[in-house]
Amino acid sequence: MEPWSRELAGTLDELELESEALRGNPLGDPHRRPLWVYSPPGAGGQALPAIYAIQGLTAQLDMWRNRSAFRKNFPELADDLFASGEAPPCVLVWVDCWTSLGGSQFVDSPGTGNYMTYLCDEIVPWIDANYRTLPDRDHRGLQGKSSGGYGAMVVPMLRPDVWGGLATHAGDALFEMCYLPEFRESVRALRDDYAGSFETFWKDFHSRPPLSKPSDGVLMNDYCMAACYSADDDGTVHLPYDTVTGQLQPEVWERWLAWDPVRMVAGHADALRSLKAIYIDAGKRDQYFLDLGAEAFRRELEAIGVTDVFFELFDATHSAIEYRYPLALKYLAERLA
């Protein structure tokens with residue numbers, strides 16, 4: 001792989017849109033957001049399925065251009081897929097749901113803002129009105145990795161009127177495996193460096209290069225997830241553990257578990273049965289044990305009678321798995337065409 005970017009065979013439009021759903025959000029984050037829309041080569045005037053790609057925690061839209069050494073980035077991989085004719089042509093939409101806490105989990109929350117509304121009720125209708133798409137949920141899919149994979153699982157469950165397919169790469173799931181083990185690391189860091197206070201942590205975080213301390217990742221993740229899963233209507237964020245001892249706060253932890261995709265399956269069985277495409281994968285050596293969540297999600301789907309899914313645990317970690325994205329794109333494109 002040549003170590004420089006190349007011109008795409010398709011067309012990538014880099015846009016900015018104003019969002020009423022995000023205007024006045026509790027974090028004061030911008031309501032004018034970037035949006036990328038890729039149209040494949042040779043599509044002509046035909047109406048196409050649309051696949052929306054959403055990012056993991058801490059990822060911003062321009063990071064889709066990042067590349068690992070000797071590898072292509074996601075826009076290039078997608079362009080190769082569609083330019084080669086290996087997959088039916090699709091419009092590919094990259095959506096920004098970043099927040100100043102690191103992410104939104106693509107849900108509506110009084111702690112972060114109305115990001116599911118933004119995605120489903122603003123971006124999707126705008127794309128259908130301005131691009132030659134098939135404006136029907138059966139021709140629309142959602143794909144993401146990590147927190148984006150979480151969104152790809154949860155949003156179609158909650159909004160089956162909008163989405164007909166999903167692809168999750170190592171999505172956050174089975175919360176007692178992916179989140180709970182790191183709580184103890186956060187509590188020690190809060191005790192030793194921040195007098196048990198997240199407010200003190202955030203002041204320090206913004207006073208230096210962010211993510212420059214070993215504990216930044218777990219502390220940021222815990223607080224961001226709490227802002228998404230367990231914020232009160234007035235925006236007050238509740239942590240699922242005592243910040244001094246680490247003891248679980250059962251009533252708050254239950255609020256988190258209600259957002260666990262594994263636990264959500266049974267209550268959204270009809271929505272999941274209606275989907276035309278479900279793709280699930282994760283690395284067997286995932287640092288956050290999201291391979292366990294992937295298997296648990298698959299088993300819950302099986303329990304409600306959803307067995308026509310793509311599922312694979314492959315030999316990799318959580319990192320640098322962008323080479324899996326075209327596999328999911330192809331699967332979604334074929335099912336949603």
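Couple of notes before you dig in:
- Selection from segment 261-316 of residues that are touching a residue at least 60 places away in the same chain (Cβ under 8 Å), among the aliphatic types (A, V, I, L, M) and assigned to a helix (DSSP H, G or I): 262, 264, 271, 272, 290, 292, 294, 296
- Candidates in segment 1-57 are the residues that are basic (Lys, Arg) and within 30 Å of residue 236 (Cα to Cα); of these, the one that is farthest from the chain's Cα centre (by Cα) is 23.
- Selection from segment 317-337 of residues that are in a helix (DSSP H, G or I), touching a strand residue (DSSP E or B) at 6+ places or on another chain (Cβ under 9 Å) and open to solvent by less than 70 Å² (accessible area, probe 1.4 Å): 322, 324, 325, 328, 329, 331, 332, 333, 336
- In segment 294-307, the qualifying residues are those that are of a type outside the set (D, E, K, R) and surrounded by fewer than 22 Cβ atoms within 10 Å (Cβ to Cβ), and the one that is nearest to the chain's Cα centre (by Cα) is 296.
- Per-region count, segment 132-161, residues of a type in the set (A, V, I, L, M, F, W, C), farther than 21 Å from residue 34 by Cβ and either open to solvent by less than 40 Å² (accessible area, probe 1.4 Å) or in a helix (DSSP H, G or I) (or both): 4
- Residues in segment 174-197 that are out of contact with any Lys or Arg (no Cβ under 9 Å at 6 or more places or on another chain) and either under 18 Å from residue 104 (Cβ atoms) or of a type in the set (Asp, Glu) (or both): 176, 178, 179, 182, 185, 192.
- Qualifying residues in segment 214-237 (those that are closer than 26 Å to residue 287 by Cα and in a loop (DSSP other than H, G, I, E, B)) - the one most open to solvent (accessible area, probe 1.4 Å): 214
- When 129, 173 are checked against the criterion of being in a helix (DSSP H, G or I) and not polar (S, T, N, Q), 129 stands alone in meeting it.
- Hey, residue 20 of a type in the set (Asp, Glu), under 30 Å from residue 205 (Cα atoms), open to solvent by 50 Å² or more (accessible area, probe 1.4 Å) and touching a residue at least 60 places away in the same chain (Cβ under 8 Å) or not: yes
- Screening the candidates 75, 34, 30 for the property of being part of a loop (DSSP other than H, G, I, E, B) and surrounded by 15 or more Cβ atoms within 10 Å (Cβ to Cβ) yields one hit, 30.
- Scanning segment 274-293 for residues that are under 22 Å from residue 319 (Cβ atoms) and open to solvent by 10 Å² or more (accessible area, probe 1.4 Å) returns 284, 285, 287, 288, 289, 291, 292.
The values are calculated or read from the model by the stated rules, or taken from the named source; none is laboratory data. The shown structure was predicted, so the numbers you read here are calculated from the model rather than taken from an experiment. So basically every Cβ, Gly included, is an ideal-geometry build from the backbone, and we count neighbours across all protein chains shown. For accessibility, only protein heavy atoms count, side chains too; no ligands or nucleic acids. Shrake-Rupley method; radii C 1.70, N 1.55, O 1.52, S 1.80 Å.
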